[in-house]
1. For the condition open to solvent by 100 Å² or more (accessible area, probe 1.4 Å) and without any contact (Cβ under 8 Å) to a residue 40 or more places away in the chain, what is the one hit in 80, 87, 62?
2. Which one of the conditions (1) over 20 Å from residue 58 (Cβ atoms); (2) under 15 Å from the mean Cα position of the chain (by Cα); (3) free of Cβ contacts under 8 Å to residues at least 24 places away in the same chain does residue 101 fail to meet, given that it meets all the rest?
3. For residue 12, work out the one condition from (1) open to solvent by less than 90 Å² (accessible area, probe 1.4 Å); (2) farther than 21 Å from residue 101 by Cα it doesn't fulfil.
4. Could you list, in sequence order, the residues of segment 104-113 that are touching a residue at least 12 places away in the same chain (Cβ under 8 Å), surrounded by fewer than 22 Cβ atoms within 10 Å (Cβ to Cβ) and not β-branched (Val, Ile, Thr)?
Amino acid sequence: MMIDIAHFTPVQSFIGGLIIGAAAWVLILFCGRIAGISGILGGVLSRTSSDKGWRLAFLAGIVVAPLLYRAFTALPERDIAASWPTIIFAGLLVGLGTRYGSGCTSGHGVCGLSRLSLRSLVATLTFMVVAAVTVWVMGFWR
């Protein structure tokens, strides 16, 4: 594996990580909630959820942030070699995995690990191993 040094952005990635961590910290500090996107979205779609306001605001921030970024600089180029059916199928698999894993990578990897949750450690390690195997298998078939 080679790192594409022309598109390697450690400073921007570090700043992005700090912003994600700060958002997770603010959410738990002021709302007492974990910043797991699957749980936040699930609460918006739930009929019984009474706290949809902050959930909608959080999701709106996920949509608005790249638009604000684009207002000041160009977005990075995207080159997705997969077909739409493959992308849709992969998205459904991710959704299924978040249900079986009781959370997504953001909930377990960012918030769960920072709380020293053993369940989140196991989930995050599982995510990473499956991702590595998937990349290896997909690279093997090409």
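1. Numbers: 87 fails: open to solvent by 100 Å² or more (accessible area, probe 1.4 Å); 62 fails: open to solvent by 100 Å² or more (accessible area, probe 1.4 Å).
Checking each option against the conditions leaves just 80.
2. (3)
3. (1)
4. 106, 109
The values are calculated or read from the model by the stated rules, or taken from the named source; none is laboratory data. Since this is a predicted model, take the numbers as computed values, not measurements. Every residue, glycine as well, gets a Cβ built from its backbone with ideal geometry; the counts of neighbours run over all protein chains shown. Side chains are part of the model used for accessible areas, which takes the heavy atoms of the whole protein and leaves out ligands, DNA and RNA. Shrake-Rupley method; radii C 1.70, N 1.55, O 1.52, S 1.80 Å.
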